[in-house]
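The values are calculated or read from the model by the stated rules, or taken from the named source; none is laboratory data. Because the structure is a prediction, the values reported are computed rather than measured. Heads up, the Cβs are rebuilt from the backbone with ideal geometry, glycines too, and the neighbour counts pull from every protein chain shown. Surface areas here come from the heavy atoms of the whole protein model, side chains and all, with no ligands, DNA or RNA. Shrake-Rupley method; radii C 1.70, N 1.55, O 1.52, S 1.80 Å.
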Amino acid sequence: MPDAHILGIESSCDETGAAVVRSGQRVLSNIVASQIATHQPYGGVVPELASREHLRAIVPVVRQALAEAGQTYQSVDAIAVTQGPGLAGALLVGISFAKALAFALEKPLIAVNHLEGHIHAVLLEQRQSENGDLHFPVLALVVSGGHTHLYLAQLQENLWTYRNIGHTRDDAAGEAFDKVAKLLGLGYPGGPIIDRLAPHGDPQAVKFQIAQIKHRDRRDHKLGDHKLGDHGPLPAAEDGPHVSGPNFDFSYSGIKTAVLRYVETEKLKPAIEARRQALAGIDTPTLEDIRRLSNRQILNLVASFQRSMVNDLVMKTLAAARAYDVRTLFVSGGVAANRELRATFEREAAMQGLPVFFPSRALSTDNAAMIAAAAFPKFLRGEFVSMDFCADAGMSLR
Ligand code: KG4
Ligand code: ZN
């Protein structure tokens, strides 16, 4: 098979990304224009501003990706773009641009699910490092600002299929990090800030309870009564009454409320307001600025919050891995960049004898290399879309 160069485009949320990946395994370029500065004053992504920033960034970002890869519009073999899930207006910018390129250049166009992209960020680097064979079934935790989803992944003849066996019932894990950071006046986006502050606090200082969702087996087995260990093909459909096996759901809106309650009980609001104002007065606050403005009680609170989140994510994912007798674990999405999460997964999965793979930190958060990588098996299968395909803001992964 000759090499295929795929130009990937990603614009589902607040990063405009373009990348060229060779044959699903070699990243030739990976450009990400971040909109953090635009959304920072609002403490969250403002959809209209995101669309506007994507419009501004898309042409230079794609040009730079091609130039760094030593490619041209004419030389790439296909254009891949994120179809969803994401913000509709933001997705449309990437999709319209990809359609225009594919039409003008007469190149095949490939639509990619953003969540599949996150999973392929792991596969890309795993192939790149020629890390040996992948053992199935694979369980993938996709944990980001919009998702906390568990998928069983299967591959047959370049066709990847996914089965969702758990998801958040309310807030995604990254959303909880962002909301708690906002609540504590620490800045935006919260995940990376909390990640860096947490080692300075005592993770045992505040006890948080995270809601444990009752697992309901679709065929009324009790958890642990059986294992799906036949390693055969998995149903391609999303969970439904016909699918057996327990599900492992998450819930993170409660811990956010618990942090708020702690803030009220401990009367932390004046100190939080003072920090918010002090940070607003600094042009681009550094982590050192944020730390200097955070007292011991706040650092302890942040460390305890992160410890609870990490323990819950790891515990539930490993319980799912045992129940489905999986042989490989992937952890991807923005929150997979979290140091404590990585260390805890590595330690706990090793105790279970389970190999765990993460994308490098650069490929954990949104990027287009993962989109170009996920498109490669579709390219091999000739799975192209026509010019009338649409953005799908609520797209599920199957
Ligand atoms: O995958 P991503 O870039 O965008 C979505 O698809 O949502 O994930 C962004 C999310 C944000 O909530 C951000 O706070 C979180 O990932 N995040 C982190 C870290 N880096 C990014 N959360 C915890 N620790 C980090 N180091
Ligand atoms: Zn993402």
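Checked against (1) closer than 21 Å to F250 by Cβ; (2) outside any helix (DSSP H, G or I); (3) over 15 Å from the mean Cα position of the chain (by Cα), I282 meets all criteria but (1). Quick check on segment 291-300. Is at least one of its residues under 16 Å from D178 (Cβ atoms), open to solvent by less than 30 Å² (accessible area, probe 1.4 Å) and either in contact with a helix residue (DSSP H, G or I) (Cβ under 9 Å, 6 or more places away or on another chain) or without any contact (Cβ under 8 Å) to a residue 24 or more places away in the chain (or both)? Scanning segment 291-300 turns up no residue that is under 16 Å from D178 (Cβ atoms), open to solvent by less than 30 Å² (accessible area, probe 1.4 Å) and either in contact with a helix residue (DSSP H, G or I) (Cβ under 9 Å, 6 or more places away or on another chain) or without any contact (Cβ under 8 Å) to a residue 24 or more places away in the chain (or both). Apart from one condition, Q204 fits all of (1) modelled with pLDDT under 95; (2) farther than 20 Å from L397 by Cα; the exception is (1). For segment 255-277, residues that are in a helix (DSSP H, G or I) and open to solvent by 40 Å² or more (accessible area, probe 1.4 Å) total 14. Residue pairs whose Cβ atoms lie under 6 Å apart, sitting 6 or more positions apart in sequence or on different chains, and linking a residue in segment 328-349 that is free of Cβ contacts under 8 Å to residues at least 40 places away in the same chain and open to solvent by less than 10 Å² (accessible area, probe 1.4 Å) to a partner that is outside any helix (DSSP H, G or I) and within 13 Å of ligand 1 (Cβ to nearest atom), are F345/V331.
Any residue that is away from ligand 1 (no atom under 16 Å from the Cβ) and not in a loop (DSSP other than H, G, I, E, B) - is there at least one of those in segment 33-41? Yes, there is a match, as at least one residue in segment 33-41 is away from ligand 1 (no atom under 16 Å from the Cβ) and not in a loop (DSSP other than H, G, I, E, B).
Listed here are the residues, each with its yes/no results for (1) under 21 Å from the mean Cα position of the chain (by Cα); (2) in a helix (DSSP H, G or I).
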position	(1), (2)
V45	yes, no
S51	yes, yes
L55	no, yes
V59	no, yes
A67	no, yes
T72	no, no
V76	no, no
A80	yes, no
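Taken over segment 165-189, the residue count meeting the criterion of being modelled with pLDDT of 95 or more, within 16 Å of ligand 2 (Cβ to nearest atom) and open to solvent by less than 40 Å² (accessible area, probe 1.4 Å) is 7.
The condition (being within 27 Å of D3 (Cβ to Cβ), surrounded by fewer than 22 Cβ atoms within 10 Å (Cβ to Cβ) and not assigned by TED's automatic domain parsing to the domain that holds T328) is satisfied by just one residue among V112, V81, V59: V59.
Just to be sure, is T365 open to solvent by 20 Å² or more (accessible area, probe 1.4 Å) and within 12 Å of ligand 1 (Cβ to nearest atom)?
Here the answer is yes, as T365 does meet what is asked.
Contact map, segment 142-155: first residue within 16 Å of ligand 1 (Cβ to nearest atom), second residue part of a strand (DSSP E or B) and of a type in the set (S, T, Y), Cβ cut-off under 8 Å, separation 6 or more or different chains; pairs are V142/T148; V142/Y151; V142/S332; V143/S332; H147/T168; T148/T168; H149/T168; Y151/Y162.
Listed by first and then second residue, the pairs linking a residue in segment 354-373 that is among the basic types (K, R) to a residue that is open to solvent by less than 20 Å² (accessible area, probe 1.4 Å), with Cβ atoms under 7 Å apart and 6 or more places separating them unless they lie on different chains, are R361/A337.
When the test is whether a residue is of a type in the set (D, E, K, R) and out of contact with any helix residue (DSSP H, G or I) (no Cβ under 6 Å at 6 or more places or on another chain), E53 does not pass it.
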